[in-house]
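Everything on this sheet refers to the single structure shown next.
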Amino acid sequence: NDKPYIYLDTTDVVINESIGVAYIPLRVSVPWHEPIAVQLETVDGTAIANEDFRPYNSLTAQLDAFKMSVPIPISIINDSNLEDSTFFKLRIKAVSNNARFLASGTRGVSEISRTGLTDTTRIVIVDDDFRPSISFVRRDTTVDEATNLPGNNVHITVQVSLRSIHSI
């Protein structure tokens with residue numbers, strides 16, 4: 001079969017949450033004399049579509065004749081939540097009849113590892129938010145030991161600087 005392979009440039013990409021847009025290279029194995037259409041999709045992992053990134057259900061990208069690669073833009077949502085690193089996947093869903101790809105679910109790991117070509121890139125989003133700080137709302141509270149009787153309470157109010165999914 002003389003058809004070229006279409007593949008994603010790498011199996012893992014690590015990006016910062018504040019990047020805005022990440023570009024994942026889609027490549028063809030050899031220069032080809034006609035355009036190649038490729039359908040891609042994103043797949044949730046620990047990163048969730050529309051919370052951590054803008055999803056693609058069926059994005060069509062085109063590699064023009066003799067063009068070796070095209071960047072696939074992935075929009076990353078920068079939130080202010082303190083969270084662990086998360087990931088999702090960009091996957092080749094289909095290619096036009098004049099090309100082929102190694103689908104990880106159908107071709108087997110041995111051929112993918114032998115060729116180094118992959119249909120899926122795992123995108124890791126590294127959180128860039130600061131840990132929340134705790135402060136006292138009122139800093140001049142005094143307590144008189146003589147009034148420290150049962151039923152007398154001192155109320156101290158604290159505030160947290162940022163929302164967090166972690167216990168503080």
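The values are calculated or read from the model by the stated rules, or taken from the named source; none is laboratory data. The structure presented is a predicted model; accordingly, all values stated were derived computationally and were not measured. Reconstructed Cβ throughout: ideal geometry from the backbone, glycine too, with neighbour counts over all protein chains shown. With ligands, DNA and RNA removed, areas are computed over all heavy atoms of the protein, side chains included. Shrake-Rupley method; radii C 1.70, N 1.55, O 1.52, S 1.80 Å.
Every residue, every condition in (1) outside any strand (DSSP E or B); (2) closer than 24 Å to Asp84 by Cβ, yes or no:
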| residue | (1), (2) |
| --- | --- |
| Tyr7 | no, no |
| Ser18 | yes, yes |
| Pro25 | no, no |
| Glu34 | yes, no |
| Glu41 | no, no |
| Ala47 | yes, yes |
| Pro55 | yes, yes |
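Results for (1) at pLDDT 90 or above; (2) under 30 Å from Val160 (Cβ atoms); (3) buried (at least 16 other Cβ atoms within 10 Å of the Cβ); (4) of a type in the set (Gly, Ala, Ser), shown as yes or no for each residue.
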{"residue": "Leu82", "(1), (2), (3), (4)": "no, yes, yes, no"}
{"residue": "Thr86", "(1), (2), (3), (4)": "yes, yes, yes, no"}
{"residue": "Ile92", "(1), (2), (3), (4)": "yes, no, yes, no"}
{"residue": "Asn98", "(1), (2), (3), (4)": "yes, no, no, no"}
{"residue": "Thr106", "(1), (2), (3), (4)": "no, no, no, no"}
Only one residue in Leu59, Leu40 is under 18 Å from Asp12 (Cα atoms) and surrounded by 13 or more Cβ atoms within 10 Å (Cβ to Cβ). Which one? Leu40
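Do we have Val70 as out of contact with any Cys (no Cβ under 8 Å at 6 or more places or on another chain), open to solvent by 40 Å² or more (accessible area, probe 1.4 Å) and under 16 Å from Thr121 (Cβ atoms) here?
Working: out of contact with any Cys (no Cβ under 8 Å at 6 or more places or on another chain): yes; open to solvent by 40 Å² or more (accessible area, probe 1.4 Å): no; under 16 Å from Thr121 (Cβ atoms): yes.
Taking the combined requirement at face value, the residue does not satisfy it.
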